[in-house]
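The block underneath contains the structure these notes are about, expressed in structure tokens.
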Amino acid sequence: MCGSNFVNMLNDMVNQTKSPAHPARYRPILSPGIVGRAVAAISIQSSLMLSALLLIMVLRPLAMTHKVEISPDNVFVRPFGNPDDALTRIQQENFTTVENLDELANNPDLNSLERLVYQYAPLILTTSDDFPRSDDTFIGVYYLASETVGEESTVSTIRYFFFSTDENGGTLIRKRLALFGQPIDRELIYRLTIIDGNVTAAYFQAPGHHLTPYEFPEGSRPIFTIASANHNFRPVPATELERRLDYRILTPFPHHELRSDPAHDPDFVALAAQEAMAQHGVNLSEYLYVEFQNPVHNGLTTISVRINGRWYYLHNSIAGITRPGYNQAGIYLGFAPDPETIGEMWLVAFTDRPIDLEVISIYIYPSIDVAA
């Protein structure tokens, strides 16, 4: 039935039902003109709403996107060191004796914070006779420390970190390279707060990366042992040592992390690269690495690079970077790139806040075959 016939039928129905005693004026409740105008109005309104929605969908991502173009001219080749030299240095530089730590803790030539670092340096219990190992090698212990001097008290905070060439459990190596731009594993052993020479709080990193309160052993050094495949820890009480025979206690020499920078040490990276290739078939030379400062914001930061006309994206491996502060990310390419073939690169943050992204460096490693 067409629209005009339907309207006429309705009007006839109204005519037949009006009161004969009181004839009343009436208007057709619907007319073709009214229906047409209503449909046209609805169509226009829907079109406007759809247009506005599409405009929002287009403009909102643009408003939330902050891009920084990275010049390919800044890409440099970071050389590998020697993995054999790494093993030699680990044994000679990164381990010591308890007597030496005690001597340094009482050395008046050192400042008070350095003396505390040596005084509370942890020992590591291991059951392995093969040390250093041929995989997942323990590089050493590194620390970060701060001190606040007030009018009445001095507050010191020390954090000790365990560094190894890899982790046999936890985050898979390809994801680690995307998230952190390196295979080397860095894990907190424990942290403590010292007020005027007295330990007031201590926490160790338990399995599951849980910070767990730690009752500091008065009069002795803390001893920890690895309690998970991804290098989380548990404290070793003295009573356990009395019952055990098959153990060895290592005495790491704590180095300052920022001054030593073990994650970028050419020899340690070469050792990690060798193990990554042997254990996982992962070639560190097939990545492009970007160091940058990520400001605090509520979104993701990602990286894109064009090589020989093809684009490669960090978000092919992970959604993006959310950690504020210093970051290093690795973009998987599948081949060792030639710096001259790199076209353009972008650092992109998706956030509705005005931010400034700062690129620190962009580098690649030479072919691992050449390094070997």
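The values are calculated or read from the model by the stated rules, or taken from the named source; none is laboratory data. Bear in mind the structure is a predicted one, so any value in this text is a computation, not a measurement. Glycine gets a Cβ as well: all are built from the backbone with ideal geometry, and neighbour counts include every protein chain shown.
Can you give me the ranges of the strands (runs of 3 or more DSSP E) entirely in segment 122-234 with at least 1 residues that are in contact with a Lys or Arg (Cβ under 7 Å, 6 or more places away or on another chain) and under 30 Å from G281 (Cβ atoms)?
Details: elements: 123-126, 138-149, 154-164, 185-195, 198-206, 210-213, 223-226.
Those strands (runs of 3 or more DSSP E) span 123-126, 154-164, 185-195.
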Filter pass, G330 being in contact with a helix residue (DSSP H, G or I) (Cβ under 6 Å, 6 or more places away or on another chain) and within 23 Å of D185 (Cβ to Cβ): yes
Set L245, L300, L241: member being modelled with pLDDT under 95, exposed (fewer than 13 other Cβ atoms within 10 Å of the Cβ) and aliphatic (A, V, I, L, M): L245
Segment 169-185 residues that are farther than 18 Å from F233 by Cα, paired with ones that are assigned to a loop (DSSP other than H, G, I, E, B) and among the hydroxyl-bearing types (S, T, Y) (beta carbon under 9 Å, 6 or more apart): R174/S317; K175/S317; L177/S317; A178/S317; L179/T171; L179/S317; F180/T171; P183/T165
First in segment 88-101 and in contact (Cβ under 8 Å) with a residue 24 or more places away in the chain and surrounded by 13 or more Cβ atoms within 10 Å (Cβ to Cβ), second anywhere and assigned to a helix (DSSP H, G or I) and of a type in the set (D, E, K, R), Cβ under 8 Å, 6 or more apart: R89/D267
